[in-house]
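Below is one structure; the comments refer to it alone.
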Amino acid sequence: MTESNHEKVPSRQRKRFPGISSRAYEHPADRSALVALRKLSGFDTVFKALSGLLPERSLRLLFLSDSVRVSDAQFAHLNTMLRDACYILDLEKVPAMYVAQDPKPNAMCIGLDEPIIVVTTGLVELLDEEEMRAVVGHEVGHALSGHSVYRTILLFLTGLALKVAWIPLGNVAIMAIVTALREWFRKSELSADRAGLLVGQDLQASMRGLMKIAGGNHLHEMNVDAFLQQAEEYEAGGDLRDSVLKILNVLPRSHPFTTVRAAELKKWAETRDYQRIMDGHYPRRDEDKDTSVTDSFRESASHYADTVRTSKDPLMKLVGDIAGGAGDLGGKLRDKFTGANGSSGGSGSTGTKDTGGAEA
């Protein structure tokens, strides 16, 4: 069921963003990854073919028949949150929302023609009202950005890759697209986290929600500052071997690690960009057609350059050294991989291996 009006407004005073474009909150890496995805050889052909093959109608019937549809009569508090989120982000057509029985906390926004939001019982039971409001805003952000289309294709292709895995080289092309989609989707989650903050307008609630997803409903045993410190240790700890392991660990995931998401969201909440949005200065939807793809890509490239320059990750620091023309790259590579702090002489000098990397 979809709604085209907003009969209910937020239960407490929140700022609304009429006509806001998703560009206002999209992470630069989200945009650049999407550009790269569309440039992937053969993707356009596959996308057009899949658009006609995906069982979207079947998917809708599945949720309609085997989940609980959110409405004024069922999960009314979630229905109010959904209307609030669409009201704040000025999404005129309220997506259908379902609650599915699953003890694992999760939420997703899928669909090609019209997005569907699905939340699990595990998530509903885990989060309080303000934390859940941020999650609903997160999913509405996906809908406003059009992420649901690519999420649906990712789900379909992941299943297809498993079915054709027995064919020699049969799933190589599919897995290449799946890997690119996963990389983009991890970045899109950072964008949606920002949308959730714009809806909830409560950074601490967003932080608590991510902590609970990571550690369960034990807030009295957890601390936001300590949780964010884990993200700091995760980024900066270890040597190049740890950097490679981080990449391998995240490749099969559709979401970034929760500590990383929390740190990224807090960082954005402290920027001038966020404050400008809250002050009512943001890109408008009716200006999207005039947006320069080149400018967007240039902005994304600048973001990546800044990330490399400021990152504390050993691999990113090495990339920065290479880009900066640092000398003795062979020695740097040797020292990074062995965890040694080499001296300029390079002989007889050993360092203490940093094992500060935190598991996520």
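Values quoted throughout were computed directly from the atomic coordinates according to the rules given, and no laboratory measurement underlies them. Being a predicted model, the structure only gives us computed values, none of them experimental. Using ideal geometry, Cβ is built from the backbone for each residue, glycine included, and neighbour counts are taken over all protein chains shown.
Could you order the peptides 65-73, 213-221, 117-125 from most to least packed, using the average number of other C-beta atoms within 10 Å per residue?
My ranking of the peptides, most packed first, is 117-125, 65-73, 213-221.
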**Asked** Can you pick out the pairs among 15/93; 93/289; 104/267; 15/187; 15/266 whose Cα atoms lie more than 24 Å from each other?
**Response** 104/267; 15/187
**Asked** Label point 7 Å out from residue 104 along Cα-to-Cβ: which residues of segment 196-227 have amide N under 11 Å?
**Response** none
**Item:** Built amide H within the under 5 Å cut-off of residue 284, gap 5+
**Value:** 21
**Complete:** Quick calc: nm separation of the 7 Å Cα→Cβ label points for residue 73 and residue 270 -> 4.9
**Message:** Students often check this: by mean Cβ neighbours within 10 Å, which of 134-147, 198-211, 91-104, 74-87 ranks highest, and how do the rest follow?
**Reply:** 134-147, 198-211, 74-87, 91-104
**Asked** Which FRET efficiency, nearest 0.05, do residue 232 and residue 65 yield, Cβ-Cβ r, R0 56 Å?
**Response** 0.75
